[in-house]
Amino acid sequence: MKKIDISSNINGIKLTSCIMNASGVLCCTEKELSEIMMSSSGAVVTKSCTMIPREGNLEPRYFKWNMGSINSMGLPNLGIDFYLNFLEKKKPKKPFFLSISGLSIEENYQLIRKANLSPNINAIELNLSCPNLIEKKDQGLLGYDFYKTSDFLDNLFKFYKKPLGVKLPPYFEDFHIKKMAFILNQFPICFVTCINSLPNGLFIDINHETTVIHPKKGFGGIGGSIIKPFALANIRKFYIYLRKDISIIGCGGICSGKDVFEHILCGASAVQVGTQFFQEGIQVFDRLKKEFISILRKKNYFSIENFKGQLNVI
Ligand code: SIN
């Protein structure tokens, strides 16, 4: 039987499997990161970190139902030094993506400067899309502010020369995706991860007539299978509008091998698993890999390059 290769290449960063964890889920502590390191995940992506450790928002801050999840975690993380030390100590044999999410643009510069000094990071995933920060109540997501994003990237690429990708919020208009792609195309961006959770969702417990999470009066980011169509739409449009050397990492609604296939068919070079990883634990990577390979076998494909981006319109 011919071997099916699900490896991928994110702008020069080689992954033995195109399926990896999404930042945010079970990737905060040493134990969680070590588990990902030992698993069949194609890379290790850290929890988005800040300069100093954070407890995050008050609980309950995560809820899952059959079609998705709502969260308002508020970036609980152990601080950038912890993740850089983990990398130096453990030296993972797979790509290591440091996710960062400063509470201000200034903090993002500090984080990037610090990461710049670390020789072993494969790439930074710059999170422009965390919807759950109580401190930023009156400011929108950076990823929705086109002018600020452009200015920010312009300044950071003056001193940062290593691979960097951005994690974007979902966009709902073609015009917005075109505009963001136009901005990103002007910089040496290595990859784009789309999408982060859908901001400002609300899920309700009708028995108790309450919200299901506490922070931000119950509003939070929606993830899981319910957001897959938005993820696919963003991947597809960015695939069309971005420079061809900018890879896309799909994120949103990956629960099965079929979902992985759909993301790649739309143009993703790799996928990240969040809600389903939280639900199922570390074995999710083996299961998804098996299901994905079985689809490729049935379709007579031997690598993701056989169908990546080749979605047809009826
Ligand atoms: C969080 O910690 O609130 C989630 C992170 C994110 O959505 O970017």
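Any residue in region 76-85 that is farther than 23 Å from residue 249 by Cβ, within 14 Å of the ligand (Cβ to nearest atom) and open to solvent by 30 Å² or more (accessible area, probe 1.4 Å)?
Yes, that holds for at least one residue.
May I ask you to list the residues in region 273-301 that are surrounded by 14 or more Cβ atoms within 10 Å (Cβ to Cβ) and touching a helix residue (DSSP H, G or I) at 6+ places or on another chain (Cβ under 7 Å)?
The answer is 273, 276, 277, 282, 284, 288, 291, 292, 295.
Give the residues of region 202-243 that are small (Gly, Ala, Ser) and buried (at least 21 other Cβ atoms within 10 Å of the Cβ), sorted by residue number. Even if it seems obvious, please write down each step before you answer.
Looking only at region 202-243, we keep the residues that are small (Gly, Ala, Ser), and these are 218, 220-221, 223-225, 231, 233.
Hits for region 202-243 are 220, 221, 223, 224, 231.
For region 33-78, how many residues meet the condition of being touching a Leu at 6+ places or on another chain (Cβ under 7 Å) and more than 19 Å from residue 126 (Cβ to Cβ)?
Result for region 33-78: 3.
Return the pair list, or none, for Cβ contacts closer than 9 Å from residues in region 53-66 that are farther than 27 Å from residue 84 by Cβ to residues that are hydrophobic (A, V, I, L, M, F, W, C) and within 13 Å of the ligand (Cβ to nearest atom), at least 6 apart or on different chains.
Pairs found: 59/213; 60/213; 63/70; 63/213; 64/70; 64/278.
Run residue 30 past the list (1) within 12 Å of the ligand (Cβ to nearest atom); (2) touching a helix residue (DSSP H, G or I) at 6+ places or on another chain (Cβ under 7 Å) and report the number of the one that doesn't hold.
For residue 30, the exception is condition (1).
Looking for something over 28 Å from residue 15 (Cα atoms) and modelled with pLDDT under 95 - is there at least one such residue anywhere in region 114-130? So that I can check it myself, show each step before the final result.
Quick first cut of region 114-130, residues over 28 Å from residue 15 (Cα atoms) only: none.
No; the residues of region 114-130 include none that is over 28 Å from residue 15 (Cα atoms) and modelled with pLDDT under 95.
Taking region 229-256, which residues are farther than 18 Å from residue 198 by Cα, in contact with a strand residue (DSSP E or B) (Cβ under 9 Å, 6 or more places away or on another chain) and assigned to a helix (DSSP H, G or I)?
239
Does region 275-282 contain at least one residue that is of a type in the set (Asp, Glu) and in contact (Cβ under 8 Å) with a residue 12 or more places away in the chain? Let's see the steps before the verdict.
Taking region 275-282 first, the residues of a type in the set (Asp, Glu) are 280.
Cutting the leftovers down to in contact (Cβ under 8 Å) with a residue 12 or more places away in the chain gives us none.
Within region 275-282, none of the residues are of a type in the set (Asp, Glu) and in contact (Cβ under 8 Å) with a residue 12 or more places away in the chain.
Scan region 141-157 residue by residue and report those that are polar (S, T, N, Q) and closer than 13 Å to residue 108 by Cβ. First the steps, then the outcome.
Within region 141-157, the first condition is being polar (S, T, N, Q), and the residues that meet it are 149-150, 155.
Result: 149, 155.
Would you check if there is a residue in region 92-113 being touching a residue at least 24 places away in the same chain (Cβ under 8 Å), within 24 Å of residue 272 (Cβ to Cβ), outside any loop (DSSP other than H, G, I, E, B) and away from the ligand (no atom under 16 Å from the Cβ)?
Checking region 92-113: at least one residue is touching a residue at least 24 places away in the same chain (Cβ under 8 Å), within 24 Å of residue 272 (Cβ to Cβ), outside any loop (DSSP other than H, G, I, E, B) and away from the ligand (no atom under 16 Å from the Cβ).
For region 270-292, does any single residue satisfy the condition of being small (Gly, Ala, Ser) and closer than 19 Å to residue 12 by Cα? Lay out the reasoning, then the answer.
Our first condition is that a residue be small (Gly, Ala, Ser); within region 270-292, this holds for 270, 274, 281.
From the residues that got through so far, the ones that are closer than 19 Å to residue 12 by Cα too are 270.
Taking every residue of region 270-292 in turn, at least one turns out to be small (Gly, Ala, Ser) and closer than 19 Å to residue 12 by Cα.
Considering only region 46-75, how many residues are more than 11 Å from the ligand (Cβ to nearest atom), touching a Ser or Thr at 6+ places or on another chain (Cβ under 8 Å) and charged (D, E, K, R)?
Qualifying residue count for the region: 1.
Out of 137, 179, 161, 167, report the one residue that is modelled with pLDDT of 95 or more and open to solvent by 30 Å² or more (accessible area, probe 1.4 Å).
Numbers: 137 fails: modelled with pLDDT of 95 or more; 161 fails: modelled with pLDDT of 95 or more; 167 fails: open to solvent by 30 Å² or more (accessible area, probe 1.4 Å).
So the residue among 137, 179, 161, 167 that is modelled with pLDDT of 95 or more and open to solvent by 30 Å² or more (accessible area, probe 1.4 Å) is 179.
The values are calculated or read from the model by the stated rules, or taken from the named source; none is laboratory data. Since this is a predicted model, take the numbers as computed values, not measurements. A quick note on method: Cβ atoms are made from the backbone with ideal geometry, for glycine too, and the neighbour counts reach across all protein chains shown. Surface areas here come from the heavy atoms of the whole protein model, side chains and all, with no ligands, DNA or RNA. Shrake-Rupley method; radii C 1.70, N 1.55, O 1.52, S 1.80 Å.
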